[in-house]
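First up is the structure itself, then whatever we jot down about it.
Every number here is computed from the coordinates shown, using simple stated rules; none is lab data. This one's a predicted model, so the numbers in the text were calculated from it and none came from an experiment. Cβ placement follows ideal geometry from the backbone for every residue including glycine, while neighbour counts extend to all protein chains displayed.
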Amino acid sequence: MFRYFGSKASTAPVVADIALDGYKNATVADAFGGLGNIGAEFKKRGCLVTACDLLHFPNAFQHVRLVCDGLPNFSRVRKLLSVSSQEGLLIHLNSLCSDESWFVKEYAEVRGFFTAENAAKISAVWLEIKSWKTLELIDVDEEKFLIASLLNSMDAVANTAGTYYAYLKKWDRKALKTFSFEWYLGFVEGPRGVAIRGDALNYLSDKKFEVLYLDPPYNGRDYSRYYHLPETLAKFEEVSVDSNSKCGQPVVRSTMGSQIRNAMRLPYLLDLINSVSWERLVVQYADGAHICLNELERALVTQGTLKVHEIPALGYQSTNGTRQQMHHVFIINK
Ligand SMILES: C[S@@+](CC[C@H](N)C(=O)[O-])C[C@H]1O[C@@H](n2cnc3c(N)ncnc32)[C@H](O)[C@@H]1O
């Protein structure tokens with residue numbers, strides 16, 4: 001699975017059980033949805049989930065998990081290509097190769113993020129999906145499913161320690177494997193949810209949910225810079241790359257950084273908590289993060305009856321290994 005800072009994959013089932021204790025088929029907002037790990041657990045438990053994220057590529061993963069209910073049909077694309085099944089489409093996508101693209105030049109020849117062979121395949125699949133989108137041959141479910149599948153498959157052969165902020169000096173074993181485009185089968189059973197690409201406060205203000213779940217950014221790491229490449233691909237933009245940037249950031253940098261940094265601060269979280277109508281608030285927060293735990297607890301206790309659970313978690317996974325962390329799950333009932 002795509003490696004992501006702050007992913008709650010390891011704690012999601014336990015946290016979802018604690019968060020929903022006493023509720024059945026609740027309406028839930030996952031304000032900082034990321035790859036949708038927690039949202040998917042809520043959906044599995046019958047909840048109607050609305051998730052937000054500022055960035056395009058987490059939104060694609062969330063869409064697959066929370067909105068889609070299975071492999072899309074791709075009827076218009078299959079008709080165009082005369083392929084009878086989704087399996088045939090997979091074979092078609094894996095047969096493509098595009099040696100001369102900006103992606104191959106910038107992320108294989110100039111910078112060693114991918115082998116030239118893999119970059120040519122990734123680039124070709126991306127260009128093919130982009131052309132289907134331009135010709136309006138795919139609907140929104142199909143588009144999000146295709147891009148999440150591409151990014152997940154690409155991440156499996158990226159020559160990185162986990163993010164796209166740097167590539168490794170030597171070729172990692174996984175980067176030398178041949179790229180294969182695989183379906184991202186992240187769907188879960190449950191009510192069809194909503195995945196919004198946008199600022200949590202903007203979108204969720206004045207809306208009503210039984211449970212409001214918050215897993216905010218923990219520190220000043222700018223997701224839009226660390227994951228610039230998947231974000232560029234998910235936006236279907238061919239960007240000019242800054243020749244002075246070692247990791248190949250676009251010349252025009254993402255403007256999301258200030259919004260992401262703002263969302264890690266307590267005043268933003270309190271604005272969000274006070275502007276959404278909820279019955280139960282759930283905040284998951286790690287040791288050693290931007291807001292001191294005592295300060296967070298003092299602010300949350302004013303909101304209702306508070307209980308704190310401590311859950312051992314696996315921290316972010318890189319090629320250097322996985323760190324153990326303690327997560328604090330604050331449950332506040334109004
Ligand atoms: C700690 S991660 C969430 C991880 C997620 N629970 C998971 O398991 O994948 C925080 C997420 O908040 C997003 N984010 C940051 N600022 C935001 C904002 N103002 N509105 C919505 N999402 C935001 C980031 O892009 C990132 O995906």
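Rounded to a whole number of µm²/s, how large is the Stokes-Einstein D of segment 1-77 at 20 °C and 1.002 mPa s, given Rh as the Kirkwood radius over C-alpha pairs?
164
If a paramagnetic tag sat 7 Å from the Cα of ASP69 along the Cα-Cβ line, which residues of segment 134-163 would have the backbone N under 17 Å from that point?
140-142
Eigenvalues of the Cα gyration tensor times 5, then square-rooted: what semi-axes does that give for the chain, in whole angstrom, largest first?
Ellipsoid semi-axes (Å, largest first): 35, 23, 17.
Give me the one-decimal Kirkwood hydrodynamic radius in Å for segment 36-79, with the sum taken over alpha-carbon pairs.
It works out to 11.6 Å.
Got the relative contact order for segment 182-293 handy, in percent, Cα pairs under 8 Å and 6 or more residues apart?
42
Determine the alpha carbon to alpha carbon distance for each of LYS121/LYS144; LYS105/LYS169; LYS79/LYS133; LYS144/LYS169 and list only those over 24 Å.
In this structure, LYS144/LYS169 lie more than 24 Å apart at Cα.
Using the charge dipole of the chain (Lys, Arg: +1 at Cβ; Asp, Glu: -1 at Cβ; taken about the Cα centre), state which of ALA289, VAL252, THR27 has its Cα farthest towards the positive end.
ALA289
Per residue, what volume in Å³ does the Cα convex hull of segment 204-247 take up?
138
Tell me, what is the percent relative contact order of segment 3-78, built from C-alpha pairs under 8 Å that lie six or more residues apart?
Value for segment 3-78: 28 percent.
Gaussian network model of the chain, Cα springs within a sub-10 Å range: biggest mean-square fluctuation belongs to which of THR232, THR163, THR178?
Maximum fluctuation in the GNM of the chain, among the listed residues, is at THR178.
At 15 angstrom or more along the helix axis (alpha-carbon based) and mean Kyte-Doolittle of -1.0 or higher, what helices does the chain contain? Whole DSSP H runs only.
Both cut-offs are met by 116-134, 140-155.
To check my understanding: the extent here is largest minus smallest coordinate of the Cα atoms along each principal axis. What are those three numbers for segment 185-299, in Å, largest first?
49, 37, 26
From the helices alone, meaning DSSP H stretches of at least four residues, give me the mean residue ellipticity at 222 nm for the chain, per-run term -39500 (n - 2.57), in deg cm²/dmol to the nearest 500.
Computed mean residue ellipticity for the chain: -10000 deg cm²/dmol.
Cut-off under 16 Å on the C-alpha distance; same-chain residues fewer than 8 positions from LYS246 excluded. Which aspartates and glutamates are left, in chain and number order?
GLU106, GLU109
Suppose we keep just the DSSP beta bridges with both residues in the chain; what percent of those would be antiparallel, to 5?
Counting DSSP beta bridges with both partners in the chain, the antiparallel share is about 55 percent.
If one puts a single equal scatterer on every Cα of segment 55-177 and applies the Debye formula without solvent, what log₁₀ I(q)/I(0) results at q = 0.20, 0.21 Å⁻¹?
Rounded to two decimals, the profile gives -1.18, -1.24.
Direction-averaged shadow area of the convex hull around the Cα atoms of segment 77-121, nm²?
That works out to 3.5 nm², a quarter of the Cα hull's surface.
Taking every alpha carbon pair in segment 107-172, what does the distance histogram look like in 5 angstrom bins from 0, in percent?
Bins of 5 Å from zero give 3, 17, 24, 21, 14, 11, 7, 2, 0 percent of pairs.
So if I restrict to the alpha-carbon atoms in segment 149-230, what is the Rg, and what is Dmax, the biggest pairwise distance, in Å?
Cα-based Rg and Dmax for segment 149-230 come out at 17.4, 51 Å.
Based on Cβ point charges of +1 for Lys and Arg and -1 for Asp and Glu, what charge dipole magnitude is obtained for the chain about its Cα centre, in debye rounded to the nearest 20?
Roughly 360 debye, rounded to the nearest 20.
Any idea how far apart SER95 and ASP271 come out in nm if each label point goes 7 Å out from Cα toward Cβ?
5.3
Gaussian network model of the chain, Cα springs within a sub-10 Å range: biggest mean-square fluctuation belongs to which of LYS246, LYS43, LYS121?
Among LYS246, LYS43, LYS121, the largest GNM mean-square fluctuation belongs to LYS246.
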